[in-house]
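This report concerns only the one structure given below.
Readers should treat all values here as calculations from the given coordinates under stated rules, not as data from a laboratory. On a predicted model such as this, the values are computed, not experimentally measured, just so you know. Counting neighbours? That spans all protein chains shown, and the Cβs are built from the backbone with ideal geometry, glycine included.
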Amino acid sequence: MRVCELPPDVDRLRVIRLYLKLQLDAVDAKISESEEESADLAEPVPAKREHSLASGGVGFRLQHVPKGGTLRGVVHCSDCPDAVGSWLTPGEVETAVRMPNVTPCPRCHPGSTDS
């Protein structure tokens, strides 16, 4: 039994994949937030180090920001002081910034770098 029909073209499938990734990351963020609230730690636990999926040392991260019951995303360059969240490839960044609830970081301007 087929659960849902998927589009045949790669571009739309990648957008669906990115949307689902945003949703999964939002759930992960909420789990982390809940775990942090319940823990009685004097100092925050450092975030797990991940490796960028991009080549040449330039990476991008997608931060998830809850706003009024919805979720919006902010794309950062990996070296931005505000960079947190999931790693993105340059191709995923291009798709992400075209989504209605995703914006580039006003501090590091990830859209202005050529990759």
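Take Asp9, project a point 7 Å from its Cα along the Cβ direction, then tell me which residues of region 95-111 have their backbone nitrogen under 20 Å from it.
The answer is 95-100.
Looking only at region 14-34, which residues have a backbone nitrogen under 17 Å from a spot 7 Å from the Cα of Thr70 in the C-beta direction?
19-20, 22-23, 26
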